[in-house]
Amino acid sequence: MTNGWGETKTTIQCVENGPYMVKGTVVLKGDKGEPITTMAVMSLCRCGGSKSKPFCDGTHSRIGFRSNKSGQA
Ligand code: FES
């Protein structure tokens, strides 16, 4: 199975001034080890402002989140 970029590995890409874009199969767990339902393509919050953590809800745009460089957390 390939991810959304035609690769067979799971990939995580920092989106400039935005979330981590995850493509591929992952196991995601909460702080108590509980499983969190995932999708083949999903965005994880990097700004800390999402009300749907660990997922991005678009808040980064509203609060003006800026990353130093794409690819760096
Ligand atoms: S990165 Fe999108 S809400 Fe935090």
Determine one quarter of the surface area of the Cα convex hull of region 11-65, which equals its mean projected area, and express it in nm² to one decimal. 3.7
Nearest-0.05 FRET efficiency for residue 34 and residue 67, computed from C-beta distance (R0 30 Å): 0.55
Efficiency of FRET between residue 52 and residue 17 - r from beta-carbon atoms, R0 22 angstrom, step 0.05: 0.75
For region 19-73, with +1 on Lys and Arg beta carbons and -1 on Asp and Glu, the positive-most of 64, 48, 26 along the dipole: 64
DSSP loop chymotrypsin sites (Phe, Trp or Tyr not before Pro) in region 1-68 with at most 12 other Cβ atoms within 10 Å of their Cβ, which ones? 5
Footprinting exposure proxy for 39, 21 (fewest neighbouring C-beta atoms within 10 Å first): 39, 21
Amide H neighbours of residue 28 under 5 Å, at least 5 residues apart or on other chains, H built in the peptide plane: list them. 36
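Since every read-out is calculated from the coordinates, none of them should be taken as a lab result. Note that the structure is predicted; figures quoted are calculated from it, not measured. All Cβ positions, glycine included, derive from the backbone under ideal geometry; neighbour counts span all protein chains shown.
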